[in-house]
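Engineer: Here it is: the structure, laid out below.
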Amino acid sequence: MKIALMDSGIGLLAATAAVRRLRPDADLVLSLDPDGMPWGPRTPQDLTARAVAVAEAAAAHRPDALIVGCNTATVHALPALRARLEPGIPVIGTVPAIKPAAAGGGPVAIWATPATTGSPYQRGLIEDYAGGVTVAEVPCWGLAEAVEHADETAIASAVAAAAALTPGDVTTVVLGCTHYELVADRIRTAVQRPGRPPLVLHGSAGAVAAQALRRIGAAPEPGTTGLGSVTVLLSGREGGLPQPALAYAEGRLLQTVTPAP
């Protein structure tokens with residue numbers, strides 16, 4: 001089994017680690033775009049072109065499925081990616097976990113990039129899945145960039161700024177950018193109010209990994225012996241994990257990079 005994941009940077013690590021835990025034997029292809037990152041400020045057309053190139057680099061390794069490990073790329077490029085690769089390669093997008101978060105009753109805060117916060121896309125998800133639940137949209141200025149570079153000082157500052165914008169009665173936080181899942185514990189600590197019930201965080205990595213397995217008809221087998229290979233593509237070129245990835249447990253889980261057969 002071979003699963004490919006794509007993103008401009010290391011935001012795909014959370015979903016990659018989730019796949020690794022569900023199927024340790026799966027070969028992994030990680031397709032990043034250091035030449036074109038960050039994707040967020042790009043026009044939808046430009047972002048889609050970059051995403052298609054990154055996806056095609058991954059597709060050349062003949063994966064059984066491709067995970068788009070980026071919320072922004074899912075919003076803008078998922079239709080183009082599916083038109084290009086399916087039905088030969090199932091393409092799984094990453095959507096903020098608003099539906100399961102709202103099922104808990106709220107109040108809910110959605111931490112997302114400034115570009116996503118207040119966007120028609122996110123507002124549509126709120127209307128579709130969070131009717132009757134109080135939802136606060138929290139723009140996280142600079143957080144994805146700080147996580148991408150493993151800049152501890154910038155991470156702490158960005159998390160504190162977003163926590164200050166988060167209403168005190170929030171019981172649930174949706175991590176609306178894949179980068180944020182890499183610092184989930186720090187977000188929990190910053191938002192948790194003394195005397196309040198334990199904060200619930202909702203990321204997308206686990207659900208996306210499980211969906212990828214379902215799409216190819218594979219069952220989770222976390223106890224499988226044998227470790228699959230890891231291939232890293234950097235704007236189409238084979239390379240290694242970016243050094244900042246190793247600052248996170250999810251990156252260290254993938255530290256041994258070996259070419260996939």
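Engineer: Provide a single number: the residues in region 107-134 that are closer than 15 Å to ALA162 by Cβ, at pLDDT 95 or above and over 18 Å from the mean Cα position of the chain (by Cα).
Structural biologist: 1
Engineer: In region 7-55, how many residues are open to solvent by 40 Å² or more (accessible area, probe 1.4 Å) and under 21 Å from ILE216 (Cβ atoms)?
Structural biologist: Counting residues in region 7-55 that are open to solvent by 40 Å² or more (accessible area, probe 1.4 Å) and under 21 Å from ILE216 (Cβ atoms) gives 3.
Engineer: Does ALA144 satisfy the condition of being touching a strand residue (DSSP E or B) at 6+ places or on another chain (Cβ under 6 Å) and crowded, with 20+ Cβ neighbours inside 10 Å?
Structural biologist: It is false that ALA144 is touching a strand residue (DSSP E or B) at 6+ places or on another chain (Cβ under 6 Å) and crowded, with 20+ Cβ neighbours inside 10 Å.
Engineer: Let me ask something else about it. Working only within region 110-140, note down all residues that are touching an Asp or Glu at 6+ places or on another chain (Cβ under 8 Å) and assigned to a strand (DSSP E or B).
Structural biologist: Those that are touching an Asp or Glu at 6+ places or on another chain (Cβ under 8 Å) and assigned to a strand (DSSP E or B): ILE110, ALA112.
Engineer: Without any contact (Cβ under 8 Å) to a residue 60 or more places away in the chain, more than 24 Å from ALA17 (Cβ to Cβ), open to solvent by 40 Å² or more (accessible area, probe 1.4 Å) and assigned to a helix (DSSP H, G or I) - does that describe any residue in region 57-75?
Structural biologist: Scanning region 57-75 turns up no residue that is without any contact (Cβ under 8 Å) to a residue 60 or more places away in the chain, more than 24 Å from ALA17 (Cβ to Cβ), open to solvent by 40 Å² or more (accessible area, probe 1.4 Å) and assigned to a helix (DSSP H, G or I).
The values are calculated or read from the model by the stated rules, or taken from the named source; none is laboratory data. The model shown is predicted, which means the values in this text are computed figures rather than measured ones. Neighbour counts run over all protein chains shown; Cβ positions are idealised from the backbone, glycine included. Each accessible area value is taken on the protein alone, full model and side chains, heavy atoms only, with ligands, DNA and RNA left out. Shrake-Rupley method; radii C 1.70, N 1.55, O 1.52, S 1.80 Å.
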